[in-house]
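Engineer: Dropping a structure here in structure tokens format, bear with me for questions.
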Amino acid sequence: MESKQREWLAPVIAAAVAGTLGVAGTVVRRPWHDELYTLELARRPVSAILQALHLDSGPPGYYLLCHLLYLGGADSVRALRLLSVAAVMATALLVVWALPAGRARWAAAALFALHPLVLAAAADARAYAVLAALVAAVLLTLTAEPSRRSTVALGLLLAAACWIHSLGLILTGGVFLAGLFLPAKERQRALLGTLIALILHLPWLPVMARQPASALTWMSRGWQELPAWWRPLLPLTQPGPAAPRTPFLHVAALPLALAVTGTVLWLFLAAAGATAHRTARLAASLWLIIGAALVVGTVLLRPIYAPDRADKILVPLAVAVVAAAALRSRTLLAAVLALSLTGGWATAATLGYWKTLPPRPEELAGRALAGLVEPGDLVIVTSWWLLGVRHAVGRQAHGVRWLTFPLETARHPGWYDDRQAQEAAREIPVLERRIRGALRHGHRVCLLRTPSLASDRLLERLAGRMGFAPVTGEAPYWQLWVLGTGH
């Protein structure tokens, strides 16, 4: 009995540490755009959530979970983050338990609990922590004795992953390909499990096929910012606790020498651990297959790999591989623990980084608006600012009338693509009538412009013609122009 209790010690401690750090991150990190979109959808009825996702990217599973939490009283980003904290704790339990008791479990516990990407996933009201928990559950299921029950469980877990995030399809494909190289009974389980998952995901596939490619445009822009030689290496390096920062990474940067040294050590330990244990071999094959699929899919098809985001689902697999290196020798155990401490440094630095971040442009714009607007005033918001600005305005936002330009933006506030901006020219007469109507009723009109966008040229002419006056701004991000004196 005592031995069994000791076996649970490492997973429980890992979950407790990861959860504690996640709660700290939830308190310190300010809500940002994607999380505000999660809250926006969570507040909508189920039919409206499904309708909104026809114009966005991804399946509805995570948003439906958040909707249930909202119905239970979770009406803020920080409250919704608790789902991610719980998911990270579950992932810690599953990943550590998947390895043999002893050195490997303690190595995995330290590596996972102190990992900066684990902190980032926990303090984030988005789907990645839940998806990572499902990845860990899939890994544990694949290491179990083959049976009908484990086959059904695998199918349900993969289906859940597909309904939580589109990357679940990449995971399902990875299990299928990895399963081809497993012994007969395990291969049968993997193939049947993926078949079950795809059948259960069929109802969403027609919607997914019609979702606009523009919703993923931002990914390709970030991808192009990275050196070409580095892109194929991203799935190997970025799940590491000392990985160099990319344009998508929302954690603190380590000194370059430490980041390079830590990444080299990470890759060395991964090579040592990949064949050290059956679980590690399976995790390594999934890690490599999924990583390759993300890179190849982004290069040949459409942007599906955003470093930091997709890397969060690779972390459980990568941790299982690297921690298994501790099985080979105590020297390698010490190396894994040293790497874990580097991750702990990055995690602590990230908490400090989040705490000292200056206000984002949308927060500054919202604060400026909060000092101007009165109930009934009309606020015209451009670009992707609506959710962030409205959140920053606070309680006053409920009495204000909000209008987006272009109008189409209000239908999918989670993303914005300015390439079709000139098509919005036909909306200018409608916008002008709305402005004049507000003025006739004695209300002020605030115009939040985004000078860097092509669509702003249309608003610049309108603002000049109607007599809007600039009040404040932060070039090149936003400018606040006002017309009318209000009540």
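Values quoted throughout were computed directly from the atomic coordinates according to the rules given, and no laboratory measurement underlies them. Computed from a predicted model, the values in this text were never measured in an experiment. Neighbour counts are summed over all protein chains in view; Cβ atoms, including those assigned to glycine, are modelled from backbone coordinates with ideal geometry.
Engineer: For A438, what charge total do you get from the other residues with a beta carbon under 14 Å from its beta carbon, if Lys and Arg give +1 and Asp and Glu give -1? Working shown, then result.
Structural biologist: Values: positive: R401, R433, R434, R436, R440, R444; negative: E374, D377, E432.
Here the count lands on +3.
Engineer: Quick one: Kirkwood hydrodynamic radius for region 2-356, alpha-carbon pairs, angstrom, one decimal?
Structural biologist: Details: mean 1/r = 0.0494 Å⁻¹.
Evaluated over region 2-356, this radius sits at 20.2 Å.
Engineer: If you average the sequence gap of Cα pairs under 8 Å that are 6 or more apart and divide by the length of region 361-483, what percent do you get for the contact order? Display every interim value, and only then the final one.
Structural biologist: Details: 191 pairs, mean separation 33.8, N = 123.
Taking the mean separation of contacting Cα pairs over the length of region 361-483, I get 27 percent.
Engineer: With each pseudo-label sitting 7 Å past Cα toward Cβ, what's the T356-A253 distance in nm, one decimal?
Structural biologist: 1.5 nm
Engineer: Mind checking which helices in the chain clear 30 Å along their axis (Cα) and have mean Kyte-Doolittle hydropathy of -0.5 or more, DSSP H runs only?
Structural biologist: Working: long enough: 2-28 (39 Å, 0.71); 77-98 (32 Å, 1.88); 278-300 (33 Å, 1.60); 330-356 (39 Å, 0.77).
Taking the DSSP H segments of the chain (at least 30 Å long, mean hydropathy at least -0.5), we get 2-28, 77-98, 278-300, 330-356.
Engineer: OK, next. Given labels modelled 7 Å from the Cα in the Cβ direction, how far is it in nm from V152 to R231?
Structural biologist: According to this spin-label approximation, the distance is 4.5 nm.
Engineer: Also, quick follow-up: How high is the relative contact order of the chain, given as a whole-number percent (alpha carbon pairs under 8 Å, six or more residues apart)? Spell out each step's value before the answer.
Structural biologist: Numbers: 851 pairs, mean separation 77.1, N = 487.
Reported relative contact order: 16 percent.
Engineer: Sticking with this structure for a sec: So, R0 is 22 Å and r is the distance between the beta-carbons of V46 and A213; what FRET efficiency does that work out to, to 0.05? Show your work: numbers first, answer last.
Structural biologist: On the way: r = 26 Å, r/R0 = 1.17.
It comes out at approximately 0.30.
Engineer: Which value in nm describes the separation of the simple spin-label points at Q188 and A349, placed 7 Å from the Cα toward the beta carbon?
Structural biologist: For the pair Q188/A349, the computed spacing is 5.2 nm.
Engineer: Counting only DSSP beta bridges with both residues in the chain, what percent are antiparallel, rounded to the nearest 5?
Structural biologist: On the way: 10 of 19 bridges.
Counting DSSP beta bridges with both partners in the chain, the antiparallel share is about 55 percent.
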